[in-house]
Structure formats: structure tokens, C-alpha cells
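To start, the structure under review is shown below, and the notes come after it.
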Amino acid sequence: MTGTYQDIPRLYTAIAEWMGCMLFLGIGRRQLSDWMFFVASVVFLAIQSLFLVVTEGTESNVLWILYMVIAVVLMYGFLMLAGNYTPLCVAYICGISFLVAEFMAALEWQLHAWFAATMTMTQTFAWLLLVVVYGATVALVYLLAKPQLTAEFLERLTLREVLSSMVIVLFAFVFSNMSFILSNSPFSGRIMDDIYYMRTLADAGGLAVFYAYQSRISELLAEQEVAAIQQVLRSQYEQYRNYQESEEMLHILQHDLKHQIDGLREETDLTRRKEWLDAMEQELDSWRIPQKSGNPVLDTILAAKIRQARNLKIRMTCVADGELLSMLHVIDICTIFGNALDNAIESVVQIEEEEKRLIHVSVSAQKQFTFIQISNTCETEIRHGEGDTLLTTKADQKKHGYGLKSIRYSVEKYGGSVSVEVRQEWFELRILIPRNEKQTK
């Protein structure tokens, strides 16, 4: 790069880019073990430093831009190797890592130049300044980015959003280095202090725009999530209304059964009578209602789900004290049991051996809590997200994965908690809800 002005030492730039990558790998998920990650990070720092130091002092703007592109490619490769993300997610992380690295390097070198002009700097002080500025920048960005940059957020990013973020990074990089590339442009400076200030300001502005853009994406995704959860709640309630209609159909069948019995009394052919009885028995079995739990809403949902499970060759058992659910609203009962059983059935039906298709539901009292447990056999891999959340295994991740969230939403309204665990090929959903004083007496 044509250098009328002293530029940031390339070693400083390499360290900044390495720290930018390490920052966001610290926030997100890694796929390497601790010692493998340590080795990979050391190797990346060495390669990045060697490459940028060897190419330092380039007189050609074209070559300088090419070298910066190669440096970004190396960052992307390291993030792909160490991070547990899709290529699209890594592109997003790589862009913001590069922008953070540019800002911290520009800020540190601006302060370095100011101190050098006002005092006699030692090498020890120069390195101490680098550690303080880089460390403070990384800490600040970590605090701002960690609440938003979750695994779920990254996996829901679209190509359009990633490309938009790349445009922000590109514009910030171009404007921050305009004075070094084009000395006679309307946006270029000619005094060294002004150039350093413009570069730092442009990088800071780019980070601010990037943060605002990311915040807006988070808000839109949150709005979509709330709308999806509300849709799940309405859907489960509508299912419950349909289940009620099914129960009414059962009463109609029972009424019709009386007329069939009268017909059987008149039938003298024993063979036809037996065939008639077998058909009636089969039809009654398909509509048989499980033992009453004491909660009509729960009974309706369980009856429908047991019929669905029976048709799919799934064995579902239930031991429930439905009276413990009396403090829950109808919609919340529909949401909790409807979503949990839908998820269990979708998981179990994938098991090829029919004898392994098992689901068990229990509702019981445990001290001052109502304990709900829904467990099922599970042979598919369960992916964990942030904290105790699970990531959907369905192909369309943008339209699924809200079942468990809606369950949490309903349970937390009553001060309860939800936990999940997979052990010995059993998936267990556990719910604890505090009981009110009337229930505990």
C-alpha cells in the first residue's frame, strides 16, 4: 500500500484479528475439544502473524487489498474449523470479527501515535497500551454481543441478512482506509492525526451500524417468535375444540349402539350376529376413552392423543390426577399437553420397531408442586441450544421449534419451571408448577 503515513504494524493487526475470532468463538459454540482448540488457535495466530508481517510494506494498493482479503479468508477458515456453525453463520461471525479487529487496531494505534507525540514511549508501554485497549474493546463487545448473538439467532439468519451485514463491514472498511488508498478523494485527510481519527471514527461508526442492524434483526426474530407461539397456542386450543366435537361424536355412537343392540336381538343367524358384534367391538375400541383423570380438558386431550397413538401403533399409558391442574387455564392445559404429546408422537413414530414405541404421561403431587412428566422412547439425536433449550431436528427450522417454547411460556405464567433430559434412549419432559393454598390443604 502506498505509504505516506506510518501504518499500524501488521503484527498488531494479526493479533487484533485473532482476538476478534477468539471473542466470538468464546460467545458461541465450538466443535473442538479444549486442547485441540488451543492448538488450532495458536497455529492460526502464528500463520496470520507470519503472513501479515511478511507482506508488510507493500507499495501497491491492489496487493494490499489482496492481502487483506487473504487475511479475512484465513479468519473464515479458522472460524469454520473451530466453530460449530453453518458456513452462512460463519460468514456473519467472520464479518463482525473483522470489523471489531479493525476498530481495536485503529483505536490502539491512534492512542499510540498520540502518546508517541507527547511523551517518550518505551516498548513495554507500547505493549501495555495494546493489551489494555484490545482487552477493553473485547470486553465491551462481549457484553454487548453475547445477549443477542445466540446459536438460535445465528441459525435463523438468512442469506439476505448476512449479505447486508457484509455490505456494512465493506463500507466501514473502505471509508476507514480511504485516506490510505486515495489521498485526493473528498473523504481523504492529509494530516496524520486527522487520518487516524477518521479511520477510528469510521470503524466505530461501522460497529455502531452493525450493532443497530443486529438489534433490529433480533427484534424482528423475537416478534416472529411471539407470533409463532401465539399461533401455536391458538392451534392447540382449536384442536381441543375439535376433540370436544369428537367426544360428542362418541355420544352419538353410543346412542346408535342402542339401536344396533335392538337389531341384534332380532338377528337369528349366529354367524352374522358374531360378525356384527366383532365390528361393533372394534369400533368401540377405537373410540374408547381412558380412565377419567378428574379434569375434563385433560381427559379430552388424552382421549384424542391415545386414539392417534393407537392408529400409529404407539402404546401410550397415563397415570394422572387431573384435579391438580384446576389452577391452570384451559388454553394452558391444551398448550402443555397438546404440544408435549404432539412432539412425543412425532418422535416415537420414527422408531421402526413398534414394540419400542412407548409414551407415558403422569401428573402427580410432589410436596408443594404439581409434577407433570411426559416421557417417550427416543432414538434420534437431541441438539441442545443455549442453556436448557433444545434445537428442532426438523428440516424447516424457521417454522418449527416453538412447541417447547410455548410450553415454557404457559408454565412460567404460574411460576413453574420446565426441564428436559435424555437418558438411556428415553426423552423426559418434566414440569413443576407451584400449587396454591387450596390445593395443598
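The values are calculated or read from the model by the stated rules, or taken from the named source; none is laboratory data. Only a predicted model underlies this, so the values are computations on that prediction, with no experimental measurement involved. Cβ: placed from backbone, ideal geometry, glycine included. Neighbour counts: every protein chain shown. All accessible areas refer to the heavy atoms of the entire protein, side chains included, with ligands and DNA or RNA removed. Shrake-Rupley method; radii C 1.70, N 1.55, O 1.52, S 1.80 Å.
Worth pointing out:
- For the stretch 112-149, taking the residues that are hydroxyl-bearing (Ser, Thr, Tyr) and outside any helix (DSSP H, G or I), the one that is modelled with the highest pLDDT is identified as Thr122.
- Any hit, the stretch 36-46, residues being within 29 Å of the chain's Cα centre (by Cα), polar (S, T, N, Q) and modelled with pLDDT under 90: no
- Each residue in the stretch 346-384 was checked for being part of a helix (DSSP H, G or I) and closer than 14 Å to Leu404 by Cα, and 2 pass.
- From Ile181, Ile229, residue being open to solvent by 40 Å² or more (accessible area, probe 1.4 Å), at pLDDT below 85, over 19 Å from Ala16 (Cβ atoms) and touching a helix residue (DSSP H, G or I) at 6+ places or on another chain (Cβ under 6 Å): Ile181
- Filter pass, Phe78 being over 26 Å from the mean Cα position of the chain (by Cα), among the aromatic types (Phe, Trp, Tyr) and surrounded by 18 or more Cβ atoms within 10 Å (Cβ to Cβ): no
- Filtered residue count, the stretch 400-441, keeping only those that are closer than 19 Å to Ile336 by Cα and modelled with pLDDT under 65: 2
- Selection status of Arg357, modelled with pLDDT of 85 or more and among the basic types (Lys, Arg): yes
- Sole exception among (1) over 15 Å from Arg430 (Cβ atoms); (2) modelled with pLDDT of 90 or more for Ser364, by number: (1)
- Selection of the stretch 267-295 for residues being modelled with pLDDT of 70 or more, surrounded by 14 or more Cβ atoms within 10 Å (Cβ to Cβ) and of a type outside the set (Ser, Thr, Tyr) yields Gly294, Asn295.
- Flag if Ala105 is at pLDDT below 90 and small (Gly, Ala, Ser): no
- Neighbours by Cβ (under 7 Å, 6+ apart or cross-chain): first from the stretch 341-363, without any contact (Cβ under 8 Å) to a residue 60 or more places away in the chain; second among the small types (Gly, Ala, Ser) and open to solvent by less than 20 Å² (accessible area, probe 1.4 Å): Ile345/Ala309; Ile359/Ala309; Ile359/Ala344; His360/Ser375
- Spans of helices (runs of 4 or more DSSP H) in the stretch 9-89 with at least 3 residues of a type in the set (Phe, Trp, Tyr) and more than 21 Å from Leu99 (Cβ to Cβ): 34-54
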